[in-house]
């Protein structure tokens, strides 16, 4: 199922590098405690210097309140 979705959308899977894992451990200090998945999404975006494309209200609010920390695009 995942390979078909990747082929259909042209998306690529991002690996969890040491840099992403280390950044993910620091995200709760800024984002607050919560979903570990969100921490890894935010960390991956920060390490790769990419915006997060999301409907998640907390991530969008973080991007507004801390634009130097996270860039987000609402979808």
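Laboratory data are not the source of any read-out in this text; all were calculated from the coordinates shown. All figures in this text were calculated on a predicted structure; none of them were measured in a lab. All Cβ positions, even for glycine, are placed from backbone atoms using ideal geometry, and neighbour counts span all protein chains on display.
Quick notes on this one:
- Odd one out for residue 73 among (1) loosely packed, with under 13 Cβ neighbours inside 10 Å; (2) in contact (Cβ under 8 Å) with a residue 12 or more places away in the chain; (3) in a loop (DSSP other than H, G, I, E, B): (3)
- Qualifying positions in segment 42-70 - touching a helix residue (DSSP H, G or I) at 6+ places or on another chain (Cβ under 7 Å), under 19 Å from residue 17 (Cβ atoms) and assigned to a helix (DSSP H, G or I): 42, 43, 44, 46, 47
- Members of segment 52-70 found to be under 13 Å from residue 31 (Cα atoms), touching a strand residue (DSSP E or B) at 6+ places or on another chain (Cβ under 6 Å) and crowded, with 18+ Cβ neighbours inside 10 Å, listed by number: 59, 63
- Among the residues of segment 12-22, at least one is surrounded by 12 or more Cβ atoms within 10 Å (Cβ to Cβ), free of Cβ contacts under 8 Å to residues at least 60 places away in the same chain, more than 11 Å from the chain's Cα centre (by Cα) and assigned to a helix (DSSP H, G or I).
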